[in-house]
Amino acid sequence: IRVFATALPLFFCTAALAGSLAGKVRDEQGKPLIGIHLQLQGVERTSTATTDESGYYRFEAVPAGTYKLFVRELGFESRSEDISLEPSIDITRDVVLKLELLKETVVVTATRNEVSTSLLGNSVTVIADDEIKATRTVSDVLRSVSGVHVLQTGAPGSVTSLYIRGGESDYSKVLLDGIPINQPGGYAELSNLTTADIDRIEVVRGPQSALYGSDAITGVVQIFTRKPDEEINRPEVELSLETGSYSQLGASGGVHGRRDRFTYSGLFSHWQTDNAIPNNYLNNNSLSATAGVELSETASLTLLGRGEYGGSGVPGASLFGPPDLEESYRKRNSLFGASFNQRLTPSASHRLSYSQAQINELSEDLVDSGSFIPSYRGQMAAFPSFDFLYSFLNATRRQAAGYQADFTVSSHVITTGLEYEDERGTVGDVRASRSNYGYYLQDQLITHGRLSLTGGVRLDHNGSFGFAATPRFSLAWLLRAGHEAGFWGMTRPKFNFGLGIKEPSLLESFSTNPYYRGNPELKPERTRSLETGIEQRLAGNRVRIELNGFYNYFRNQIDLLTTDYATFDASYFNIGRSQAWGIEHVVEFRPDQPGRISGGYTYLNSRILESAAPFHPVLRAGSRLLRRPTHSGFVTAGWFKSRWSLGARAVFVGNRTDNDFYGLNLREVDSYSRVDVNGSVRIGKQTELYATIQNLLNAEYSEALGYPALKLNFRSGVRVRF
């Protein structure tokens with residue numbers, strides 16, 4: 001008791017003499033830097049802190065004395081500063097980091113918390129708003145990402161699929177502000193996902209199931225909506241109106257701002273076009289809204305919602321015959337999310353979230369257009385093609401709730417979380433539901449020297465396939481720090497290994513149709529992936545060269561297998577195996593601050609190893625994977641001044657294996673190149689004129705056999721802000 005009585009006053013005396021150090025970390029333009037790690041080092045004590053989404057950091061209860069504040073991270077300018085803390089005094093010290101020509105980027109998707117791309121062993125691409133606003137759809141933006149192949153069956157509004165590193169079109173998880181927009185089973189249809197109110201896009205290549213569970217088998221694409229500027233305490237309004245070829249018409253209106261502790265934003269956008277073929281129209285409306293409130297200095301609540309409501313005509317494979325004038329595709333997709341974020345201490349925070357995503361897609365053809373004999377370039381099919389009447393509804397709902405905690409211990413950043421997901425819906429004649437649970441744990445060892453290690457594992461229990469564990473490990477090593485004044489800059493080797501899983505779709509698990517009967521015993525589709533690469537900076541940090549090599553082995557792939565050739569009964573089985581390996585080469589050159597030139601090339605070697613169609617000329621073992629090019633690449637250039645901007649992009653896609661499905665015995669799609677240009681000019685402080693030309697060289701090509709892409713087209717408009 002006597003010892004306790006002596007120690008208690010001493011404890012309160014020490015606490016009373018402690019002070020604090022806080023501030024913001026910004027770049028030279030005043031923009032807050034997120035996820036920067038700081039270290040406060042004294043004689044007997046060392047503390048760490050990480051900047052939050054506003055760039056704010058804080059060290060609490062620091063005893064009086066002399067300290068050194070370090071800001072040292074891979075790829076960022078190193079800073080150190082002497083700090084003297086006096087008893088019971090709170091000190092504010094802001095830090096400004098120099099903005100380099102090829103600056104580092106802080107991302108969220110790769111680790112589920114803020115981290116510099118230089119600390120990551122896997123490959124990440126960040127697409128900024130100046131590249132996004134020149135395009136209409138998210139899928140079109142993704143064409144400038146190495147290792148990513150976008151396939152659109154015709155003109156804008158047609159079915160659009162995403163392939164990453166040779167994976168299937170349902171192997172990529174797509175998130176919007178953390179909310180999955182994939183259908184149960186993985187497929188994400190991107191035809192009418194517009195860039196309205198989009199601020200940036202992060203693409204992480206390689207399996208991410210260790211953090212995100214099912215569907216993240218070859219990569220994750222996360223789309224972030226625009227947030228109000230925290231420095232502006234008033235509403236800002238933006239209006240736009242545009243028109244173009246093929247009866248294009250677009251209009252949008254939005255408002256965003258801040259008032260005291262409240263933030264808000266909302267936008268409505270309309271886009272319509274007839275395209276070039278009868279019954280190839282597109283009519284789409286986008287609605288986006290967010291609201292946030294700062295409950296205290298350390299806690300906030302955010303609500304968000306988005307909807308894409310559209311319809312399009314489906315003319316079919318019009319290169320093989322007359323377009324279908326009655327088939328249509330209607331989409332009514334929406335999502336809602338709520339999140340509570342709280343910083344518990346300078347080195348610990350947690351997050352509670354809830355989300356709901358609804359997909360309502362109706363494909364139907366209620367009028368018989370008759371039959372025709374398919375033909376292409378003088379070649380005719382041996383049998384006619386008939387029009388089949390149908391009405392197919394895909395109406396699903398995904399509800400999810402999650403908890404995540406992040407805390408820093410010495411040089412370790414620990415992330416752990418729990419997730420619950422309820423999937424239910426109607427797909428054709430199938431009505432089904434399932435519940436999924438997941439737990440994940442990740443440790444980032446961030447040394448303030450030359451090495452960054454990240455390891456993690458996720459444990460899932462899925463309502464269809466049961467238990468699965470998916471680990472991941474990555475490494476980034478600063479082999480050479482470089483010097484801004486010298487030719488040779490930073491050299492950074494990296495390595496990543498991971499496993500990925502994908503759940504069966506509701507149709508594959510629960511269908512009762514004898515021609516495609518579901519199989520409740522299906523296992524998850526799996527991948528094992530290995531990646532290594534190197535990043536080199538040159539010429540005073542004006543040139544960045546990145547070279548990545550990857551290998552993916554896919555197994556337990558689900559395919560439809562005929563079980564009775566007399567009745568044509570069929571069911572789904574885990575029968576497929578395939579592999580894909582390749583090389584990604586990225587070059588970025590920034591000669592001066594307003595200019596930027598970048599390019600990428602991807603070589604992909606893909607093979608089917610085992611198939612449900614062993615005698616099919618395209619789908620049998622040994623064939624290349626369907627619709628995935630061996631060679632592809634892009635070059636982009638942009639010049640951005642205070643009053644004007646110019647941009648250009650050239651995309652090349654090599655030959656792809658395909659199947660015409662019309663009896664024409666076509667087995668390959670020709671290569672194509674497409675050139676787009678855009679520009680804008682600001683008139684005064686509030687008005688901006690802009691224009692975009694797509695397919696400048698008027699190339700005739702198809703991304704899938706039988707479906708012609710849109711030839712030269714343009715749009716121009718005016719944007720007003722006040």
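Name the pairs: first residue in the stretch 427-449 and closer than 12 Å to G518 by Cβ, second residue of a type in the set (V, I, T), Cβ to Cβ under 8 Å, at least 6 apart or on different chains?
V427/T396; D429/T512; V430/T512
Which one of these is among the charged types (D, E, K, R) and surrounded by 19 or more Cβ atoms within 10 Å (Cβ to Cβ): E503, E521?
E503
So, of the residues in the stretch 83-117 that are of a type in the set (D, E) and in contact with a Ser or Thr (Cβ under 7 Å, 6 or more places away or on another chain), which turns out to be modelled with the highest pLDDT?
D90
Each row is one residue, and each column tells you yes or no for (1) within 19 Å of G595 (Cα to Cα); (2) modelled with pLDDT of 95 or more.
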{"residue": "S632", "(1), (2)": "no, yes"}
{"residue": "L664", "(1), (2)": "no, no"}
{"residue": "V677", "(1), (2)": "yes, yes"}
{"residue": "L697", "(1), (2)": "no, yes"}
{"residue": "S702", "(1), (2)": "no, yes"}
{"residue": "N713", "(1), (2)": "no, yes"}
{"residue": "F722", "(1), (2)": "no, no"}
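Residues of the stretch 516-545 being part of a loop (DSSP other than H, G, I, E, B) and not aliphatic (A, V, I, L, M), which ones?
Selection gives Y516, G518, N519, P520, E521, K523, P524, G540, N541, R542.
Restrict the check to the stretch 599-610 and report whether at least one residue is over 12 Å from S144 (Cβ atoms) and in contact with a Pro (Cβ under 9 Å, 6 or more places away or on another chain).
The answer is yes; a qualifying residue exists.
Within the stretch 668-692, can you find the residues that are assigned to a loop (DSSP other than H, G, I, E, B) and exposed (fewer than 14 other Cβ atoms within 10 Å of the Cβ)?
D670, G684, K685, Q686
Restricting to the stretch 209-230, and then to whatever is assigned to a loop (DSSP other than H, G, I, E, B) and more than 28 Å from G717 (Cβ to Cβ), can you tell me which residue is farthest from the chain's Cα centre (by Cα)?
Ranking the qualifying residues of the stretch 209-230, first place goes to E230.
Run Q183 past the list (1) out of contact with any His (no Cβ under 9 Å at 6 or more places or on another chain); (2) under 30 Å from Y603 (Cβ atoms) and report the number of the one that doesn't hold.
The one condition Q183 does not meet is (2).
Let's see how each residue does on (1) not assigned by TED's automatic domain parsing to the domain that holds E423; (2) not hydroxyl-bearing (S, T, Y):
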{"site": "L211", "(1), (2)": "yes, yes"}
{"site": "L249", "(1), (2)": "no, yes"}
{"site": "S252", "(1), (2)": "no, no"}
{"site": "D274", "(1), (2)": "no, yes"}
{"site": "L282", "(1), (2)": "no, yes"}
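For residues that are over 21 Å from R555 (Cβ atoms) and within 13 Å of the chain's Cα centre (by Cα), scanning just the stretch 151-175, find the one that is surrounded by the fewest Cβ atoms within 10 Å (Cβ to Cβ).
L175
Could you check the stretch 231-277 and list, in sequence order, the residues that are in a loop (DSSP other than H, G, I, E, B), closer than 15 Å to A291 by Cβ and charged (D, E, K, R)?
Matches in the stretch 231-277: D260, R261.
Please note which strands (runs of 3 or more DSSP E) are completely contained in the stretch 347-447 and include at least 3 residues that are hydrophobic (A, V, I, L, M, F, W, C), over 30 Å from Y57 (Cβ atoms) and not assigned by TED's automatic domain parsing to the domain that holds F70.
348-365, 390-409
Which one of these does G370 not meet: (1) surrounded by fewer than 18 Cβ atoms within 10 Å (Cβ to Cβ); (2) touching a strand residue (DSSP E or B) at 6+ places or on another chain (Cβ under 7 Å); (3) of a type outside the set (D, E)?
Of the numbered conditions (1) surrounded by fewer than 18 Cβ atoms within 10 Å (Cβ to Cβ); (2) touching a strand residue (DSSP E or B) at 6+ places or on another chain (Cβ under 7 Å); (3) of a type outside the set (D, E), the odd one out for G370 is (2).
If I filter the stretch 555-596 down to residues being of a type outside the set (S, T, N, Q) and not in a strand (DSSP E or B), which single residue comes out as surrounded by the fewest Cβ atoms within 10 Å (Cβ to Cβ)?
That would be A566.
Looking for something within 27 Å of L119 (Cα to Cα), at pLDDT below 95, not acidic (D, E) and not in a strand (DSSP E or B) - is there at least one such residue anywhere in the stretch 508-515?
no
Residue-wise test of (1) at pLDDT below 95; (2) farther than 20 Å from T160 by Cα; (3) surrounded by 19 or more Cβ atoms within 10 Å (Cβ to Cβ).
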{"site": "R234", "(1), (2), (3)": "yes, yes, no"}
{"site": "S269", "(1), (2), (3)": "no, yes, yes"}
{"site": "D274", "(1), (2), (3)": "no, no, no"}
{"site": "S286", "(1), (2), (3)": "no, no, yes"}
{"site": "L301", "(1), (2), (3)": "no, yes, no"}
{"site": "S312", "(1), (2), (3)": "no, no, yes"}
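Quick one: in the stretch 426-453, of everything that is surrounded by 19 or more Cβ atoms within 10 Å (Cβ to Cβ) and at pLDDT 95 or above, which residue is nearest to G185 (Cα to Cα)?
N436
Quick check on my filter: what residues within the stretch 178-205 are among the small types (G, A, S) and either surrounded by fewer than 22 Cβ atoms within 10 Å (Cβ to Cβ) or more than 12 Å from the chain's Cα centre (by Cα) (or both)?
Selection gives G178, G185, G186, S191, A196.
Of the residues in the stretch 197-239, how many are in contact with a helix residue (DSSP H, G or I) (Cβ under 7 Å, 6 or more places away or on another chain) and of a type in the set (F, W, Y)?
0
Out of (1) among the hydroxyl-bearing types (S, T, Y); (2) more than 18 Å from S334 (Cα to Cα); (3) assigned to a loop (DSSP other than H, G, I, E, B), the odd one out for Y187 is which?
(2)
The values are calculated or read from the model by the stated rules, or taken from the named source; none is laboratory data. These figures come from a predicted structure and were not determined experimentally. Cβ: placed from backbone, ideal geometry, glycine included. Neighbour counts: every protein chain shown.
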